[in-house]
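Report on the following structure.
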Amino acid sequence: MIFFKRKDKRGDADEAPIDVKADSGAAAENQQREIAARQNEALPPFKDLVYDAIIKNAEKTMLDYGRDAVSGSYLIDGVWHSIEARDRESGDAMLVAVKRLCGMKPEERRARQEGKFLVEHRITKAKFTGKVTAQGVKTGERVMIEVRPKKAKGFKTLDDIGMREQMQERLREHMRAEGGIVLIAAPPGGGFTTTWNVSLNSTDRLLRDFVGIEDKGQHETDVENINMHLFDRAAGETPDKMLHRIMLTQPDVLSLADFCNAETVNKLSQLATAAREPKLIIAGVRAKDAVEALLRVLLLKASAPEFAKAVRAVLCVRLIRKLNDTCKQPYPPPPQLLQKLGIPPGRVQALYREWQPPPPEAEEEKRKKRKALPPGTCPLCELEGPQCHGIFYRGRTGIFELLDVNDALRDALVKKPQLEILRSLAKKGGHRGLQEEGILLVARGVTSLNELQRVMK
Ligand SMILES: [Zn+2]
């Protein structure tokens, strides 16, 4: 990937339009650190690196200090991309500047150190928080830099996160139910927090009493009008112990981002199916798909008959990158491919893929006319934005599956709780899984088949 470079060949005037400031210590201390860091000539290259990461939407920047060189990569939309390596001399100088700025010890290259900094864009005034961690590894030292916008782009509605309308309606119906359990599932590190909060946000919190239970070491819920109760998992506390006290407040709905233990599942299953005043339970699970989420709950050694009776539905999400609209390339889909994907003939005129360079002969002709572009740039985005920086994708959306748990599935959960059996029963009942939902996104030109294959691997 090409790297942001100061355009001025004389090297001074055109530096990255951001200011970096110390943020780890007290005010006076931070000021001293900024002065110390500024005396180091390697602070501007650090600013270039941070600015480059910001314009490319990199969530993380990893620098690996090896024996002879510093290799690096960006995490963009969940995928790592290598960046140009730099030599140890300039890489080391930059690291000294960063460590000084963050109040870390430059000479310490083994022990884990952490520091913070602030970034402000000089023109837009946008603010970012930065975090640096450095730690010795087998090959040398690994440095991780995370820069996040202070005002993160908030997803509020099911539309925002890309759920199709018909599914939204079905989900709302489950969320309006008086009793039962609705599971919300995502793979670890794969969109749980956003899906959880947007789903809760789309409920009727203003009409019914919602209570949330959450481990105080694992903050997930950021929704208004949910009365939160915290427990301390690290100290051995579990949600089931608090339920008696919480039920005295007579809530209508309970939300719990993680079931934690069998006892909690059992008690909530009973509450969800009580003959008088059943409660709606909304609970989070880490799982790769909806059927797996059901089994994850049973793996806690919860009572299968009680849970099977209570569970209504599972919503599961998988994050997928969106093709960049500027450069995505249409192609007529071969009829066999459409058939394989289950898309009726005539329904879709074009599928889309990452921009592909023209065949070599044509390219040769064009090359005579224009200067070759540096590797890692996108010829189409060069002409008009928004830029994909040679990745051809920009931003992510969710593939969602919503499994209605029917009696056949309930029965199998008790008698034959096996992945394949449950999957085939779900399919028989008309369920559309992540793969099929993903194909809808491909058919709509939101993403490519390549990307769908990558995330479904
Ligand atoms: Zn592009």
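The values are calculated or read from the model by the stated rules, or taken from the named source; none is laboratory data. What you see is a predicted model, and the numbers here were worked out from it, not measured in a lab. All Cβ positions, glycine included, derive from the backbone under ideal geometry; neighbour counts span all protein chains shown. Each accessible area value is taken on the protein alone, full model and side chains, heavy atoms only, with ligands, DNA and RNA left out. Shrake-Rupley method; radii C 1.70, N 1.55, O 1.52, S 1.80 Å.
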Practice item. Six or more apart or on different chains, Cβ under 7 Å: which pairs go from a residue in region 116-138 that's closer than 16 Å to ASP23 by Cβ and acidic (Asp, Glu) to one that's in a strand (DSSP E or B) and open to solvent by less than 20 Å² (accessible area, probe 1.4 Å)? Could you list them? Key: GLU120/ILE18
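Okay, residues lined up against (1) within 16 Å of the ligand (Cβ to nearest atom); (2) exposed (fewer than 12 other Cβ atoms within 10 Å of the Cβ); (3) of a type outside the set (Asp, Glu); (4) modelled with pLDDT of 75 or more:
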| position | (1), (2), (3), (4) |
| --- | --- |
| ARG367 | no, no, yes, no |
| LYS371 | no, yes, yes, no |
| PRO375 | yes, yes, yes, no |
| CYS381 | yes, no, yes, yes |
| GLY385 | yes, yes, yes, no |
| HIS389 | yes, no, yes, yes |
| ARG394 | yes, no, yes, yes |
| LEU413 | no, no, yes, yes |
| LYS416 | no, yes, yes, yes |
Review point. For LYS99, are the conditions met, namely being charged (D, E, K, R), part of a helix (DSSP H, G or I) and touching a residue at least 12 places away in the same chain (Cβ under 8 Å)?
Key: yes
Exercise for review: Restrict the check to region 185-199 and report whether at least one residue is open to solvent by less than 60 Å² (accessible area, probe 1.4 Å), at positive phi and of a type outside the set (Lys, Arg).
Suggested key: yes
Study note, to complete from the structure: Pairing a residue in region 18-33 that is in the same structural domain as PRO44 (by TED's automatic domain parsing) and more than 18 Å from VAL147 (Cα to Cα) with any residue that is part of a loop (DSSP other than H, G, I, E, B) and of a type in the set (Asp, Glu), where Cβ atoms lie under 7 Å and the two sit 6 or more apart in sequence or on different chains, gives ASN30/ASP23
Review point. Hey, among LYS127, LYS131, LYS60, LYS116, which residue is touching a Ser or Thr at 6+ places or on another chain (Cβ under 6 Å), closer than 21 Å to ALA152 by Cβ, open to solvent by 50 Å² or more (accessible area, probe 1.4 Å) and of a type in the set (Lys, Arg)?
Key: LYS116
**Study point:** Neighbours by Cβ (under 7 Å, 6+ apart or cross-chain): first from region 320-332, open to solvent by less than 50 Å² (accessible area, probe 1.4 Å) and more than 13 Å from the ligand (Cβ to nearest atom); second modelled with pLDDT of 95 or more and in a loop (DSSP other than H, G, I, E, B)
**Key:** ILE320/THR447
**Study point:** Some residue of region 239-249 being open to solvent by 80 Å² or more (accessible area, probe 1.4 Å) and within 30 Å of the chain's Cα centre (by Cα)
**Key:** no
Revision key, fill the gap. Residue count, region 6-34, condition at pLDDT below 85 and of a type in the set (A, V, I, L, M), comes to 1
